[in-house]
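Structure, as structure tokens:
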Amino acid sequence: MDTTRHAGRVVIVTGAGYGIGRGTALRFAREGATVIGIDVSDEGLALARAEFDSAGVKVDLRKADITSQADVDRLFVDVIGTHGRVDVLANVAGIMDHFVVAADVDDATWNRVMDVNVTGPMRMIRAALPGMLERKAGAIVNVASVGGFKGGTAGVAYTTSKHAVVGLTRNTAWVYAKQGIRCNAVCPGGVQTNIGTSSAPRDPSIMAVFAPIHGAVNGMAQPDDIASLISWLASDEARNVNGAIVADDGGWSAG
């Protein structure tokens, strides 16, 4: 860990209450950044605050819902008013879809997964871009998934949403590359996080369809395994990396 890697930078991390988001907020703070961590869960924020306090690490934790345009607007007005800029955006927040397949998916499940996994990150990027464009500098890292380029890891809504995150990443990278803004995506495989609360299959019998893929998982990663890659992609060390879709899955997607 490089404790000065992000010194002087202002970083927003979504999903900071749990798992990869919490690990990412902690790592950026330990590497010198001013970190604003947001989450919609009061419980998650309280648990994260206790962990950060115990570690002696300062993270500005706030409750905000990325599916609410009003919340996103308030967040950026406040952060920019306080700190003057946002240098790095890490879009980590995400949910699964209970492995619901196309024939069974209901509108509520589809819309909720798309709101959190796709529309929320888009809103965060849209809000971050004006300041980044003004400074001609900025790094955006989206958390997609192995499900962003494989079809058999989750249900139809999650799989579609993570393919969309890949497209969001590539388009943003291409359009703004010459203006000093980079956008990359990390694609985790199995990670020990609380996303399991939305991954329990609604119909357990459907898991037989997914068994061949899930049976090939090469162990479970820890949140900091993913956070370390997010941090690196946002750093000057990765200044020539743009539009990359990077698997962080222990080789799961190589088969």
*Look through Ala16, Ala48, Ala70 and report the one residue that is more than 21 Å from Thr193 (Cα to Cα), modelled with pLDDT of 95 or more and of a type in the set (Gly, Ala, Ser).*
Ala70
*Number of the condition not met by Arg112 [criteria: (1) exposed (fewer than 15 other Cβ atoms within 10 Å of the Cβ); (2) at pLDDT 95 or above]*: (1)
*Can you pull out the residues in segment 211-248 that are crowded, with 17+ Cβ neighbours inside 10 Å and within 23 Å of Val100 (Cβ to Cβ)?*
Ile213
*Determine whether segment 79-99 contains at least one residue that is in contact (Cβ under 8 Å) with a residue 12 or more places away in the chain, in a helix (DSSP H, G or I), in contact with a Pro (Cβ under 9 Å, 6 or more places away or on another chain) and on the phi > 0 side of the Ramachandran plot.*
no
*Do we find a residue being modelled with pLDDT of 95 or more and either in a helix (DSSP H, G or I) or polar (S, T, N, Q) (or both) anywhere in segment 146-155?*
no
*If we scan segment 244-253, do we find a residue that is in a helix (DSSP H, G or I), free of Cβ contacts under 8 Å to residues at least 24 places away in the same chain and out of contact with any strand residue (DSSP E or B) (no Cβ under 8 Å at 6 or more places or on another chain)?*
no
*Within segment 42-78, can you find the residues that are closer than 26 Å to Val118 by Cβ and without any contact (Cβ under 8 Å) to a residue 24 or more places away in the chain?*
Asp42, Ser68, Ala70, Asp71, Arg74, Val77, Asp78
*Counting just the residues of segment 49-96 that are in contact with a Leu (Cβ under 8 Å, 6 or more places away or on another chain) and β-branched (Val, Ile, Thr), which one comes out surrounded by the most Cβ atoms within 10 Å (Cβ to Cβ)?*
Val59
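Quick check on my filter: what residues within segment 199-243 are polar (S, T, N, Q) and either part of a loop (DSSP other than H, G, I, E, B) or touching a residue at least 40 places away in the same chain (Cβ under 8 Å) (or both)? Can you show your working first?
Taking segment 199-243 as the starting set, the residues that turn out to be polar (S, T, N, Q) are 199, 205, 218, 222, 228, 231, 235, 240, 242.
Across segment 199-243, the qualifying residues are Ser199, Asn218, Gln222, Ser228, Ser231, Ser235, Asn240, Asn242.
Just checking, which of Ala127, Ala185 is touching a Gly at 6+ places or on another chain (Cβ under 8 Å), closer than 24 Å to Val40 by Cβ, not in a loop (DSSP other than H, G, I, E, B) and not hydroxyl-bearing (Ser, Thr, Tyr)?
Selected residue: Ala185, the only one of Ala127, Ala185 that is touching a Gly at 6+ places or on another chain (Cβ under 8 Å), closer than 24 Å to Val40 by Cβ, not in a loop (DSSP other than H, G, I, E, B) and not hydroxyl-bearing (Ser, Thr, Tyr).
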*asked:* Checking Ala103 against (1) without any contact (Cβ under 8 Å) to a residue 40 or more places away in the chain; (2) among the small types (Gly, Ala, Ser); (3) within 28 Å of Arg49 (Cβ to Cβ): exactly one of these is not met. Which one?
replied: (3)
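Across segment 164-191, what is the total count of residues that are of a type in the set (Val, Ile, Thr) and over 18 Å from Ser253 (Cα atoms)? Show your work before the answer.
If we filter segment 164-191 for residues that are of a type in the set (Val, Ile, Thr), which is where we start, we get 165-166, 169, 172, 175, 181, 186, 191.
Those left that are additionally over 18 Å from Ser253 (Cα atoms): 169, 172, 175, 181.
Residues that pass the stated criteria total 4.
Filter segment 52-69 for residues that are under 20 Å from the mean Cα position of the chain (by Cα) and assigned to a helix (DSSP H, G or I) and give the result.
So the first thing to find is which residues in segment 52-69 are under 20 Å from the mean Cα position of the chain (by Cα), and the list is 52, 59-69.
Hits for segment 52-69 are Phe52, Gln69.
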*Go through the residues of segment 192-207 one by one and say whether even a single one is surrounded by fewer than 20 Cβ atoms within 10 Å (Cβ to Cβ), of a type in the set (A, V, I, L, M) and either under 20 Å from the mean Cα position of the chain (by Cα) or under 18 Å from Asp248 (Cα atoms) (or both).*
yes
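The values are calculated or read from the model by the stated rules, or taken from the named source; none is laboratory data. Not measured: the values here are computed from a predicted model. Note that each Cβ is placed from the backbone with ideal geometry, even for glycine, and that neighbours are counted across all protein chains shown.
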